[in-house]
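Once you've had a glance at the structure underneath, I'll fire off some questions.
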Amino acid sequence: MRGAPERAIALGTLAADANPLRGAVRPGTRPGLEATAYFGPDGSATAGGVHTMIVEVDPGTFDVRILKYVVVHDCGRTINPMIVEGQIRGGVAQGIGNAFYERLVYDAAGRLRNASLREYLLPTAAEVPVIETGHLETPSTLNPLGVKGTGEAGAIPVGALFAQALEDALHDRALEILEIPLDPSRLWELAGRPRA
């Protein structure tokens, strides 16, 4: 250790201490290396932004198509624009999955009924639309790089936006959506019988 050579330990010694031979572990101890540290900044640097979407709902099947999706966000100074773009687009795709596909279904005995990808729905490239993005840069004053969070900006707003877009698309039913995910069968249950 720099400045304290008496605290140094050889890597081989550390490895042997961390994982001794079988039978050499003393009672009441566990082999391995473990360390925990927490960092709490004085102020948080939270991203801001806005999402908007246009959906189309089939009144007979309640199948939903996302016709347009736009995100404008501000994650502070953008260090790598390609990574930021990927995080926003990936976050929106994850949010669409959470909002409309990824439902865990249990039977009366508490057994998971859709444990495989045959029954558990995930959005694919066919369900995730082209996502239009706009990037603003207002550097944070709370850290030397001027950065804010990025990954959350894509995923977090999608569920609420999805519910609001469906309420708007089905405005003639005066539907208030208070849950997600909303696959077509659950949306049918909430909205009542389809209208011809």
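Among the residues of the range 86-119, which ones are more than 28 Å from Tyr69 (Cα to Cα), out of contact with any Asp or Glu (no Cβ under 9 Å at 6 or more places or on another chain) and open to solvent by 40 Å² or more (accessible area, probe 1.4 Å)?
Scanning the range 86-119 gives Tyr106, Asp107, Ala108, Ala109, Gly110, Arg111, Leu112, Ala115, Ser116.
What is the number of the single condition among (1) loosely packed, with under 10 Cβ neighbours inside 10 Å; (2) assigned to a loop (DSSP other than H, G, I, E, B) that Met82 does not meet?
Just one mismatch for Met82, condition (2).
I'd like to check something: does the range 123-132 contain any residue that is outside any loop (DSSP other than H, G, I, E, B), touching a Cys at 6+ places or on another chain (Cβ under 9 Å) and under 29 Å from Gly86 (Cβ atoms)?
No, the range 123-132 contains no residue that is outside any loop (DSSP other than H, G, I, E, B), touching a Cys at 6+ places or on another chain (Cβ under 9 Å) and under 29 Å from Gly86 (Cβ atoms).
If you don't mind, another one. Mind checking which residues of the range 121-138 are of a type outside the set (A, V, I, L, M, F, W, C) and open to solvent by less than 50 Å² (accessible area, probe 1.4 Å)?
Of everything in the range 121-138, those that are of a type outside the set (A, V, I, L, M, F, W, C) and open to solvent by less than 50 Å² (accessible area, probe 1.4 Å) turn out to be Pro123, Pro129, Thr133, Gly134.
Scanning the range 68-79 for residues that are assigned to a strand (DSSP E or B) and among the charged types (D, E, K, R), which turns out most open to solvent (accessible area, probe 1.4 Å)?
Lys68
Could you list, in sequence order, the residues of the range 154-196 that are among the small types (Gly, Ala, Ser) and either in a loop (DSSP other than H, G, I, E, B) or surrounded by 13 or more Cβ atoms within 10 Å (Cβ to Cβ) (or both)?
Within the range 154-196, the subset among the small types (Gly, Ala, Ser) is 154-155, 159-160, 163, 165, 169, 174, 185, 191-192, 196.
Result: Gly154, Ala155, Gly159, Ala160, Ala163, Ala165, Ala169, Ala174, Ala191, Gly192, Ala196.
Applying the selection to the range 36-65, what residues are in a loop (DSSP other than H, G, I, E, B) and open to solvent by less than 90 Å² (accessible area, probe 1.4 Å)?
We begin by selecting, within the range 36-65, every residue in a loop (DSSP other than H, G, I, E, B); these are 36-47, 58-63.
Selection gives Gly40, Pro41, Gly43, Ser44, Ala45, Ala47, Asp58, Pro59, Gly60, Thr61, Phe62, Asp63.
A further question on this structure: Right, Thr78: free of Cβ contacts under 8 Å to residues at least 24 places away in the same chain and among the hydroxyl-bearing types (Ser, Thr, Tyr) or not?
Working: free of Cβ contacts under 8 Å to residues at least 24 places away in the same chain: no; among the hydroxyl-bearing types (Ser, Thr, Tyr): yes.
No: the conditions fail for Thr78.
The values are calculated or read from the model by the stated rules, or taken from the named source; none is laboratory data. Just so you know, these numbers come straight off a predicted model, no measurement behind them. For neighbour counting, all protein chains shown are included, and Cβ atoms are generated from backbone atoms with ideal geometry for every residue, glycine included. Keep in mind that these areas ignore ligands, DNA and RNA; they rest on the heavy atoms of the full protein, side chains included. Shrake-Rupley method; radii C 1.70, N 1.55, O 1.52, S 1.80 Å.
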